[in-house]
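Just so you know, all these numbers are worked out from the coordinates, no wet-lab data involved. All values reported here derive from a predicted model rather than from experimental measurement. Using ideal geometry, Cβ is built from the backbone for each residue, glycine included, and neighbour counts are taken over all protein chains shown.
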Amino acid sequence: MNKNDTKKKNASELREKAEEKLKPETIPLGNLSEAEVRKLAHELQIYKIELEMQAEELHKSQAQLEASMQKYYNLYDLAPAGYFTLNGKGFILEVNLAGTSMLGAERHSLINKPLSKFIMKEDADIYHLHRISVAESGNREPCELRMLKGDLPFYVLLESIAVKDADGNISQYFTIIVNISYRVMLENKLMHLAKFPEENPNPMLRISKEGKILYANRASSHLLNLWDRRINQILPQPWLKIVADALHNGTSMTFEGECCPRVYSLTFAPVAGEGYVNIYGIDITQRKRMEQELLQAKKLQAMGVMTTGIAHEFNNILAVIDGKIQMLMRENKGREKLLEEFRLIRNSVKDGAEIVRSMNKFTKVKEDRDWFVTIDIQEEIKNTIDLTRPEWKIHAEKEGITYSINQEDMKHVSRIKGNPLELREVLINLINNAIDAMPDGGTLSFSTREEGGNVIVNISDTGIGMDEDTQSNIFDPFFTTKDQGTGLGMSIVFGIVKRHGGKIEVQSQKGKGSTFTLIFPATKEPMDIPKKTREPDRTVSKKKSTKDRILIVDNEAPLGNALHKFLSEEGYNVTFIDNGVGALEHLKKEEFDLVLCDLGMPEVSGWDIMNAVNTMARKPMIGIITGFLSAANSFPAKEMKADFVINKPFELEEMLKQIQDLLEE
Ligand SMILES: Nc1ncnc2c1ncn2[C@@H]1O[C@H](COP(=O)(O)OP(=O)(O)OP(=O)(O)O)[C@@H](O)[C@H]1O
Ligand SMILES: [Mg+2]
């Protein structure tokens, strides 16, 4: 049956019911005049039309009702959010399609089930509290929690409103549930991203256009401490001005900032349109340190070239003076007053020679492992403290001050490879400087530890400390702030530490003291048995040699003459030539038992003479006397094909001993 058939059927049923009700006495038709009948018929027609119109209206309303039903269905069932009607106890009375698909269940299987059954156990409390707050407030309340579709959890935003009955009891809850898993996932992602600057090991800050610190990550704490600022405070000058300039120019600007003990490169990047500046910092302490070291090594290298030349000349001059004086002293035996004057002159010559030797120590930075033994640095520190103690103790007693030594942090460490004499020199210099820095007394602390295959030694004092300027010049030769200082101590220390493949670092604050850190590579090698250093035997045998023939070759005539005189007096048959060319001619003509030869001579050098001698059928012995810095250490005699090497200036007696030993063999 279609819609029209239904309508017809309904109309005929209505007519039957109406005819039943139409009783003859309802309208007494027989009593009516014709005019009245006409009027009645007209009325009835009007009624009929009215009824038809009403029926029409009814049909329209019905159609509207059906349309709004459809709309309701669309709104409720097909809504993208899950609608749940719950009873006062939270059991599901009604649920729309989105709700069923959200929970992955058929509608009928959800009815009369508690909604809490679909909420994750961990979030049950959130739901429980939500219902309480909805009941108490009487308003719509939201909460976020995790629900389950089967075993799979998903995040929802759940909003409910409570409906109360006449007694004020909750009869129903209307609950809307929206799946927010995607939003939560994005939020989590954002949160991880937001952590990025926090995890950055370098400083990151955001500064408002007024200069206020809006954000600073954890790694910025150094900078904030240095600036004495916190979040929401204004940046100090000159950084404030840089922020303004960066914003004004619209371009990034990079500066270096010292943040003791660290150095940062800070880039001020304006964020266009936003009115703030981001500061990105990079810790460049290590790079700066390496640059400094490189600069120092270069400086020393350049000085090395210079000092080698100077030292050669200087040693020659000193050797001449010293040789002459030694001869004069021999000639004036018994004249004590005069001898005393000579001794004073000789002491000055020795001081001069010592300075030249020191220059060699700092300019030579190449590792020289031939002289290395295995060393227990703790032992070395203890010995050096004992060695220097008498000196500073006397000083302290005289001045009425006290020095205390703290060795508590000397942990057991691996051994290192090195030259014990040189390492002792390092420690002595550092200790002397520390003592000098504490004119009113104080504490000198030593600590040792091991880290990353290195042995680390810290030597700290509580003295006057150093300003930045002094710290950056401290390793420069001849840099001193002391009236009596040579300024060579720390440059020697630097050279020695470098030669040991190590590093030295300084940290100091004016008025607070200084800490020097020595870093040496550790070794697992066992201790060496200490080599006995051969002290020159001062008791020279006076046994006169048979007439051995000696050729002296030196372009320093005064020194050659002095040597000639000295060795002749000792009974040798001596010839002196002041140039290499003449010496070669002599060697062709005459036989010699020993050639005493200078190295650095114009035209024909000592090397040339050595080569010539080594090709001779009957080779004389060769002794090298040189003004080159530490030639004895740098070129061992064997490599030079010489029998001995002696540095200028020298003790005549020592040279005599060498010659006697050699010629007696
Ligand atoms: N522990 C320290 N405390 C403060 N300043 C120091 C310290 N060590 C070194 N210095 C500074 O470094 C400078 C250079 O030191 P260095 O040892 O090279 O020479 P010096 O001590 O002045 O002279 P010398 O070593 O010949 O006595 C010193 O003059 C001093 O200003
Ligand atoms: Mg010093």
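Loop only per DSSP, at most 13 neighbouring Cβ atoms within 10 Å: give me the GluC sites (Glu not before Pro) in segment 52-146, ordered by residue number.
Glu106
Kirkwood Rh, Cα Rg: Rg to Rh for segment 420-490?
0.99
Compute the acute angle (0 to 90°) between the alpha-carbon long axis of helix 285-331 and the principal axis of greatest extent of the alpha-carbon atoms of the chain; round to the nearest 10°.
Relative to the chain, helix 285-331 is tipped by roughly 10 degrees.
Just to confirm the filter: which trypsin sites (Lys or Arg not before Pro) across segment 88-119 are DSSP coil and have at most 13 other Cβ within 10 angstrom of their Cβ?
In loop regions of segment 88-119 (DSSP not H, G, I, E or B), the sparsely surrounded trypsin sites (Lys or Arg not before Pro) are Lys89.
Rounded to whole Å, give me the distance from the Cα center of segment 394-431 to that of segment 135-211.
The two parts, judged by their Cα centres, are 65 Å apart.
How large is the translational diffusion coefficient of segment 369-523 in µm² per second when you combine the Kirkwood radius over alpha carbon pairs with Stokes-Einstein at 4 °C and 1.567 mPa s?
Diffusion coefficient, whole number: 82 µm²/s.
Run the quick spin-label model on Gln484 and Lys117: label points 7 Å from Cα toward the beta carbon, then report their separation in nm to one decimal.
Inter-label distance under the simple model: 9.8 nm.
Efficiency by 1/(1 + (r/R0)^6): what FRET value for Tyr47 and Lys9, r their Cβ-Cβ distance, R0 = 22 Å, to the nearest 0.05?
0.45
Taking N as the number of residues in segment 82-185, what is its alpha-carbon radius of gyration divided by 2.2 N^0.38 Å?
On the way: Rg = 13.0 Å, N = 104, 2.2 N^0.38 = 12.8 Å.
Against the empirical 2.2 N^0.38 Å value, I get 1.01 for segment 82-185.
Working from Cα positions, state the angle (0 to 90°, nearest 10) between the long axis of helix 336-363 and the longest principal axis of the chain.
It is inclined by approximately 30 degrees.
Taking +1 at the Cβ of each Lys and Arg and -1 at the Cβ of each Asp and Glu, which of Ala219, His108, Val320 sits farthest along the dipole of the chain towards its positive end, judged by Cα position relative to the Cα centre?
Looking along the dipole axis, the top candidate is His108.
Using the Cα gyration tensor of segment 549-664, with a ≥ b ≥ c the square roots of its eigenvalues, what is the shape: rounded (a/c below 1.5), prolate (a/b larger than b/c) or oblate (neither)?
rounded
Identify, among Ser447, Ser508, Ile464, the residue whose Cα sits farthest towards the positive end of the charge dipole of segment 369-523, taking +1 on the Cβ of Lys and Arg and -1 on the Cβ of Asp and Glu, with the dipole about the Cα centre.
Farthest towards the positive pole: Ser447.
Can you sort His130, His586, His108 by how many other beta carbons sit within 10 Å, fewest first?
Placing the least packed residue first, the sequence is His108, His586, His130.
For the chain, what is the calculated [θ] at 222 nm in deg cm²/dmol (nearest 500), taking -39500 (n - 2.57) for each run of four or more DSSP H residues and dividing by its residue count? Kindly include the intermediate steps, with their values, before the conclusion.
Details: 19 runs with 306 residues, N = 665.
Calculated mean residue ellipticity at 222 nm is -15500 deg cm²/dmol.
Using the Cα centre of segment 200-283 as the reference point, and only Cβ charges (+1 on K/R, -1 on D/E), how large is the resulting charge dipole? Debye, rounded to the nearest 20.
240 debye
Provide the gained length on full extension for the span Leu214 to Val581, in nm with one decimal, where the gain is 0.36 nm per separating residue minus the Cα-Cα distance. Don't jump to the answer; show the numbers that get you there.
Values: separation 367, 0.36 × 367 = 132.12 nm, distance 8.22 nm.
123.9 nm is the gain from fully extending Leu214 to Val581.
Stretched out fully, how many nm does the piece from Glu106 to Lys350 gain, at 0.36 nm a residue minus the Cα gap?
Gain on extension, Glu106 to Lys350, equals 77.1 nm.
Report the one residue of Leu594, Tyr264, Ser68 whose Cα lies farthest in the direction of the positive end of the charge dipole of the chain (charges on C-beta: Lys and Arg +1, Asp and Glu -1; origin at the Cα centre).
After comparing all options, I get Ser68.
So how strong a dipole does the chain carry about its Cα centre when Lys and Arg Cβ are +1 and Asp and Glu Cβ are -1, to the nearest 20 debye?
Computed about the Cα centre, the dipole is about 680 debye.
Taking neighbour counts of Cβ atoms within 10 Å as a proxy for exposure, in what order, fewest first, do Asp386, Asp554, Asp376, Asp461 appear?
Arranged by neighbour count, lowest to highest, Asp386, Asp554, Asp376, Asp461 become Asp386, Asp376, Asp461, Asp554.
Say each of Arg287 and Leu226 gets a label point 7 Å from the Cα, pointing the same way as Cα to Cβ; how far apart are those two points in nm?
Going by the 7 Å Cα→Cβ label model, 1.5 nm.
Pop the C-beta distance of Val373 and Phe196 into the FRET formula with R0 = 45 Å and round what comes out to the nearest 0.05. Intermediate values should be presented prior to the final figure.
Values: r = 52 Å, r/R0 = 1.16.
Between Val373 and Phe196 the formula returns 0.30.
Testing the spin-label approximation: label points 7 Å from Cα along Cα→Cβ at Asp165 and Glu34. State their distance in nm.
7.0 nm
Please state the shape class of segment 200-283: rounded when a/c is under 1.5, otherwise prolate if a/b exceeds b/c and oblate if not, all from the C-alpha gyration tensor.
In terms of gyration-tensor shape, prolate.
Using the Cα centre of segment 369-523 as the reference point, and only Cβ charges (+1 on K/R, -1 on D/E), how large is the resulting charge dipole? Debye, rounded to the nearest 20.
Once rounded to the nearest 20, the dipole reads 380 debye.
Taking Rh as the Kirkwood radius computed over C-alpha pairs, what is the Stokes-Einstein D of the chain at 37 °C in a medium of viscosity 0.692 mPa s, expressed in µm² per second?
Rounded to a whole number, D works out at 90 µm²/s.
Between Leu186 and Ile126, 0.36 nm times their residue separation minus their Cα-Cα distance comes to what?
Using 0.36 nm per residue and subtracting the Cα-Cα distance, I get 19.4 nm.
Any chance you could give the angle, 0 to 90 degrees and rounded to 10, that helix 181-199 forms with the longest Cα principal axis of the chain?
Value to nearest ten degrees: 20.
I need to check one value: relative contact order of the chain, counting alpha carbon pairs closer than 8 Å and at least 6 residues apart, in percent. Spell out each step's value before the answer.
On the way: 1025 pairs, mean separation 50.6, N = 665.
Once normalised by length, the contact order is 8 percent.
Going by how many other Cβ atoms sit within 10 Å of their own, how do Leu32, Leu423 line up, fewest first?
Least crowded to most crowded, the residues run Leu32, Leu423.
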